[in-house]
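What follows is a set of notes on a single structure, which appears directly below.
The values are calculated or read from the model by the stated rules, or taken from the named source; none is laboratory data. Worth saying up front: this structure is predicted, and the values here are computed from it rather than measured. When we count neighbours, we look across all protein chains shown, and the Cβ atoms used for this are built from the backbone with ideal geometry, even at glycine. For the accessible areas, the whole protein counts, side chains as well, though only heavy atoms, and no ligand, DNA or RNA atoms are used. Shrake-Rupley method; radii C 1.70, N 1.55, O 1.52, S 1.80 Å.
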Amino acid sequence: MYPLVTAVAVFAAAAHLAGAYLSSPKQEAMLTDALLREMLDPSYLDLESGGPVLASRNMKDFDALDYELDSALGPLSPHPSTRDGEYLQHAPSLWGHQYLSGGAGEGKQQLRPDGAIKNKHQVKTDAALPAYCTPPNPCPVGYTADDGCLDQFENTAAFSRDYQASQDCMCDQEHMFKCPSAKNGHTDGRNDISEDDIDRFVHEFQDKNSNKIVAKKYHVKKSSNPYLQGERLPVAAKKGFNVQ
Amino acid sequence: AVLLLAALVVVQAGASPRASPRRRRDVPDPNAPHVFTNSFLVKLNGDLGNDVAHQVAQRNGFENLGPVLGSHNEFHFVHPSLAPARTKRSVPHTRKLKVDPLVKHAAQQPGFLRVKRGYKPFKVESLVGPLRPSQDPTDPYFSFQWYLKNTGQNGGKPKLDLNVEAAWAQGITGKNVTTAIMDDGVDYMHPDLKFNYNARASYDFSSNDPFPYPRYTDDWFNSHGTRCAGEVSAARDNDVCGVGVAYDSKVAGIRMLDQPYMTDLIEANSMGHEPNLIDIYSASWGPTDDGKTVDGPRNATMRAIVRGVNEGRNGLGNIYVWASGDGGEDDDCNCDGYAASMWTVSINSAINDGQNAHYDESCSSTLASTFSNGAKDPNTGVATTDLYGKCTTTHSGTSAAAPEAAGVFALALEANPQLTWRDIQHLTVLTSKRNSLYDAKNRFHWTMNGVGLEFNHLFGFGVLDAGAIVALAKQWRTVPARYHCEGGAVHTSLEIPSDRSVLMKITTDACAGTDTKVRYLEHVQAVISLNSTRRGDVELFLTSPMGTRSMILSKRANDDDHRDGFTKWPFMTTHTWGEDPHGTWLLEASFNSQMPQHGFIREWTLMLHGTRDPPYVGLPVTDPHSKLAIVKKAHEERKA
């Protein structure tokens, strides 16, 4: 039924047979199913943590999976688990935005015994993660302002610069020559954004929510972008700007 | 490790005599008044079929090369004793054909203006007849676009290009195909792009709106997507910049790189955006190319890719084109789970004289190559559209190479809209050319695999040839069903010694006797778990039963990981394409290190992906020297 597999290990230099190992048929069957289910089963997209291979994944995901396979307790095992299943819904509720204040959430405080420096009040939230300014949205051919784009548009750098300058958004210190409030600007040209920048942005974002008035009439404020939620990934553009 | 490398060289040297000598055919001078070839277009009296055509050819002293464009009554004959190019019509030969009762019409073909190039060319002309002499586009930057038409400008090698004119001359320019540029936005108001822009298929995930116009920065950093878009579908003959590879195709913008950090949601939504409106997704991003990152698509993104491949394009599967990376020789794109995926076509780059670019990141999962910058002359970048209606001549990196491939695939999809994602990969393997690509450092040689396909660790199966892929796409028959077989596994930990290599074997029948039997390989994955005191010093080689040796992991000098190692990481190779997986596979692991290191391979699973039935049986062979002919013959001999 399953392919006959002979796994032989040989040491090259010694050039002799070190041993032969037959994988147990049960293990084999299990792995095969795990591997193929994602591809062949119509429910391939619904697997919780998926089959182990056929896809490169986050290393951390693998550790859990490894355990499942090794201990034959996984969802793909022919034997029922000896423990009750755990469900995400049973975890403490994390729905809705979280707000924190006080304690470490107060950010960087300079405190003196005599109270000469006032405490900075800071509330942290996961309501919106930082984003750069929003570029203009000119109307493509065949679109009009009714589609939510800009009818009056000039395809120049100056137009985009002015459009974005009217927004209250995080300054891109890596690619803007001058940032208005760049106290913690990078001097080493690194690409990442420091925690301070993010904190500052979140702070500004909240201010804007409460009382700022947007100056230019064509600037439509965006609600927060749902795609910016989740873990930050160490993914970079291969833009080829370093290969000149 | 040094000894190992030496052994590799010996193996390759031993294999190279099998390569037939470089064929160079003298080409008729296009300026000569009349040139006639030894090719004849023969129309039979009725749909008599190829077998009758063979008889007609034989009894008149001709050779039948097969039907023209799948026709049942038109065939391509050659006369072996005639010179391939002559200045006079061969009246007696034509007459001989014309008097044959089964022949309705016979015409000797006038000289080709286009030139066959490269190694074992797939003859475009033998499929579509002589090509019309085409006019160059009049766009002002066309002369800088050496990757489209290399005339030797800026020290390049003449005819080392994508051979797009041969595709255009067949009337194929990318009509009704949409390529999405997943990048930092597209200047869709650019006069060279605005009429080819597909607004319905576009989106801005960085700002969550339908208009992916790029964000301004003082350094114009966000010009990248616009530059990539122009390579694919900049308009022709409009006096603006240059011309795209598929200049009548549509381009969509997916703005998804321009936020302070990446999320799984952005990636997944980008790669799954409008999969029935978008045919091809072109990506020039991935894990950081620092030579020490091992990362790939996360859960949602992986689901999006699988869904795109299985269900996109109304079931034919989306084409994902991936830049292999700019990490140079210190990185290996098999550590980039996007480029190394079977579901992406990973593209590397060559420069204008055929060398690999110095920033090229190589790996065994690379399928083919296109062109980018890197020559000493700074004017040898990629000429294309730029932000705010401008033009540039300095687009660069493997990320400039990926959109060229996307453009070539757009041409193939116009030629045959029924091509699946796997058909595109098969066509790429069969029509890419060795041409004059070579490793500037003389490390990686061209080697022939077990069915006669030449591959190179740097360039995959060679540089894309638009004319050839279009010609073959027109007569393509969808490849048979694909199966996935776990060929075997070793679950025992084996030490990797410091001073020599450890070998592991899996002998497999490739799931014979089961319903997942694989006899003709497409992709092979070695799924490996290992730990070592220095991950970057581990090298891995996989050798197929037919003797093809793939370097599935090269030394990565900057990778000093000693903790994570690899956990069930799928190292992929395309080098064994078309081979028979049955037999003994060999995995070699060793350290390439000055310092003593140690480590363990904890697990190795061999995954075989391919077809049970021979993939090219329905395809007519019109050129006995084509890769198709060679692979097909190898497959037929195996059956016998």
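Okay, here's what the table says:
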| read-out | value |
| --- | --- |
| Residue B:254 of a type in the set (A, V, I, L, M, F, W, C) and modelled with pLDDT of 95 or more | yes |
| Scan of segment B:175-205 for residues that are more than 21 Å from residue B:308 (Cα to Cα), assigned to a loop (DSSP other than H, G, I, E, B) and not acidic (Asp, Glu), ordered by number | B:175, B:185, B:186, B:188, B:189, B:190, B:191, B:193 |
| Cβ-Cβ under 7 Å pairs, at least 6 apart or on other chains, segment B:566-580 side more than 14 Å from chain A (Cβ to nearest Cβ) and of a type in the set (Asp, Glu), far side surrounded by 24 or more Cβ atoms within 10 Å (Cβ to Cβ) and in a strand (DSSP E or B) | B:579/B:521 |
| Odd one out for residue B:164 among (1) open to solvent by less than 10 Å² (accessible area, probe 1.4 Å); (2) facing another protein chain (nearest Cβ under 7 Å); (3) in contact (Cβ under 8 Å) with a residue 12 or more places away in the chain | (2) |
| Looking only at segment B:329-359, and only at residues there that are of a type in the set (D, E, K, R) and open to solvent by less than 10 Å² (accessible area, probe 1.4 Å), the one that is farthest from the chain's Cα centre (by Cα) | B:331 |
| Candidate set: segment B:489-515, residues that are of a type in the set (Val, Ile, Thr) and open to solvent by less than 30 Å² (accessible area, probe 1.4 Å); chosen: the one nearest to the other protein chains (Cβ to nearest Cβ) | B:490 |
| Segment B:245-286, residues that are small (Gly, Ala, Ser) and either out of contact with any strand residue (DSSP E or B) (no Cβ under 8 Å at 6 or more places or on another chain) or open to solvent by 10 Å² or more (accessible area, probe 1.4 Å) (or both) | B:268, B:272 |
| Filtered residue count, segment B:177-202, keeping only those that are more than 10 Å from every other protein chain (Cβ to nearest Cβ) and among the hydroxyl-bearing types (Ser, Thr, Tyr) | 2 |
| Output for segment B:408-467, where each listed residue is among the polar types (S, T, N, Q), part of a loop (DSSP other than H, G, I, E, B), under 29 Å from residue B:311 (Cα atoms) and touching a strand residue (DSSP E or B) at 6+ places or on another chain (Cβ under 9 Å) | B:432 |
| Qualifying residue in segment B:421-442 (condition: under 27 Å from residue B:515 (Cβ atoms) and within 14 Å of another protein chain (Cβ to nearest Cβ)) | yes |
| Number of the condition not met by residue B:594 [criteria: (1) in contact (Cβ under 8 Å) with a residue 12 or more places away in the chain; (2) surrounded by fewer than 22 Cβ atoms within 10 Å (Cβ to Cβ)] | (1) |
| Qualifying residue in segment B:422-442 (condition: in contact (Cβ under 8 Å) with a residue 12 or more places away in the chain, within 30 Å of residue B:252 (Cβ to Cβ) and touching a Ser or Thr at 6+ places or on another chain (Cβ under 7 Å)) | yes |
| Index of the failed condition, residue B:400 passing every other in (1) at pLDDT 95 or above; (2) among the hydrophobic types (A, V, I, L, M, F, W, C); (3) in a helix (DSSP H, G or I) | (1) |
| Candidate set: segment B:234-244, residues that are of a type outside the set (Gly, Ala, Ser) and crowded, with 24+ Cβ neighbours inside 10 Å; chosen: the one farthest from residue B:277 (Cα to Cα) | B:241 |
| Test set (1) at negative phi; (2) in a loop (DSSP other than H, G, I, E, B); (3) out of contact with any His (no Cβ under 6 Å at 6 or more places or on another chain) - residue B:219 fails condition number | (3) |
| Within segment B:260-379, strands (runs of 3 or more DSSP E) holding 1 or more residues that are within 11 Å of another protein chain (Cβ to nearest Cβ) | B:280-283, B:285-287, B:319-323, B:344-350 |
| Verdict on residue B:586 being part of a strand (DSSP E or B), within 22 Å of the chain's Cα centre (by Cα) and within 14 Å of chain A (Cβ to nearest Cβ) | no |
